[in-house]
Amino acid sequence: LAKTTQPISMDSYEGQEVNITCSHNNIATNDYITWYQQFPSQGPRFIIQGYKTKVTNEVASLFIPADRKSSTLSLPRVSLSDTAVYYCLVGGTGGFKTIFGAGTRLFVKA
Amino acid sequence: GAVVSQHPSWVICKSGTSVKIECRSLDFQATTMFWYRQFPKQSLMLMATSNEGSKATYEQGVEKDKFLINHASLTLSTLTVTSAHPEDSSFYICSARGSGQGGDNSPLHFGNGTRLTVT
C-alpha cells in the first residue's frame, strides 16, 4: 500500500486559493489518487479522483505530475465552510483496503 | 449519487452490553465494505474489510470476536461491538465501494458515522 504524506495543517483566508500537496513516492501503476473532505463528527466526503495530469470538477482541481509521486488538491476561493480535514488516499481499488494517512487540517479565516 | 446510510448516528450503552451498527448502501450494491474507528483529533483507523458472502478480514490488533462484522447482503453490513467497555467509546464509520460504478477504481462512499459512548 502506498503511504501518503501531507502537511498536518494549513491556514488560509476566505477567497484565497488553497493548494494541498500529498506525497506518495511508492505509488503503484494501477493506483488512483483520491481526495476526501471530513467535517467534525461526519464521515469523509469524496472530493475528486485522478490518475494522471489534471482533473477538474465543480469544487476542486487535482494536479498530478508525470511521475505520479505527488499530487496537489487545489481549492479555488475557499470560504469558511471549507474548514475541514482533507485526506489524500492512494490505491484502494477494487477490494483492496483503503488506509487513511493523517490528513491536512485546513482552517479558513475570515 | 451513491448514498451510504449508517444507523444509529449515536448510541450510549452500559459497560458489558452489545451494540449493533448498521451500514446500508441505498442506491447501489456494495460488494466491499470497510469499517473504521476514529478517535478525537485523529485519522480514521481501518478495522476490517468485509466482502459480501465471506468472512471479514480484520486489521492487526482488532479483535474479531469483539467486533463482529456481518455482510450478508449487497446492501447491508453490520458491526456489533460485543461486551462494550468505556475504551470502546469512539466514532465508528463505514464505507462502501460499489460494483459497476467506475469499476475497481470507484471512490469510497462513507456513512455519517456512529458516536458510541460506553458508560
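The values are calculated or read from the model by the stated rules, or taken from the named source; none is laboratory data. Since we're looking at a predicted model, the values are computed, not measured. Neighbour counts run over all protein chains shown; Cβ positions are idealised from the backbone, glycine included.
Select from the stretch B:97-108 the residues that are more than 7 Å from chain A (Cβ to nearest Cβ) and under 21 Å from the mean Cα position of the chain (by Cα) and write down the one among them that is modelled with the highest pLDDT.
Looking only at the stretch B:97-108, we keep the residues that are more than 7 Å from chain A (Cβ to nearest Cβ), and these are B:97-103, B:106.
Remaining after also requiring under 21 Å from the mean Cα position of the chain (by Cα): B:97-99, B:101, B:106.
On the way: B:97: 79, B:98: 64, B:99: 58, B:101: 51, B:106: 74.
That would be B:97.
Hey, which of the strands (runs of 3 or more DSSP E) in the stretch A:1-86, taking only ones fully inside, have at least 1 residues that are touching a helix residue (DSSP H, G or I) at 6+ places or on another chain (Cβ under 8 Å) and more than 17 Å from residue A:107 (Cα to Cα)?
Values: elements: A:9-13, A:18-23, A:33-38, A:45-50, A:53-56, A:61-64, A:70-75.
Passing ranges, in order: A:45-50.
Does the stretch B:41-54 contain any residue that is on the phi > 0 side of the Ramachandran plot, surrounded by fewer than 23 Cβ atoms within 10 Å (Cβ to Cβ) and within 14 Å of chain A (Cβ to nearest Cβ)? Reasoning before the result, please.
At the first step, the residues of the stretch B:41-54 found to be on the phi > 0 side of the Ramachandran plot are B:41, B:53.
Retained after the next criterion (residues that are surrounded by fewer than 23 Cβ atoms within 10 Å (Cβ to Cβ)): B:41, B:53.
Add one more test, that the residue is within 14 Å of chain A (Cβ to nearest Cβ), and what stays is B:41, B:53.
Yes, the stretch B:41-54 contains a residue that is on the phi > 0 side of the Ramachandran plot, surrounded by fewer than 23 Cβ atoms within 10 Å (Cβ to Cβ) and within 14 Å of chain A (Cβ to nearest Cβ).
Search the stretch B:24-36 for residues being crowded, with 21+ Cβ neighbours inside 10 Å and more than 9 Å from every other protein chain (Cβ to nearest Cβ), and hand back the single one that is nearest to residue A:42 (Cα to Cα).
B:35
Here's a check for you: in the stretch B:63-74, which residue that is modelled with pLDDT of 90 or more and crowded, with 17+ Cβ neighbours inside 10 Å is nearest to residue B:95 (Cα to Cα)? Please lay out each step first, then the result.
Initial filter on the stretch B:63-74 (modelled with pLDDT of 90 or more): B:63-70.
In the following step, the residues that additionally are crowded, with 17+ Cβ neighbours inside 10 Å were identified as B:67, B:69.
On the way: B:67: 16, B:69: 13 Å.
Only one residue fits best here, namely B:69.
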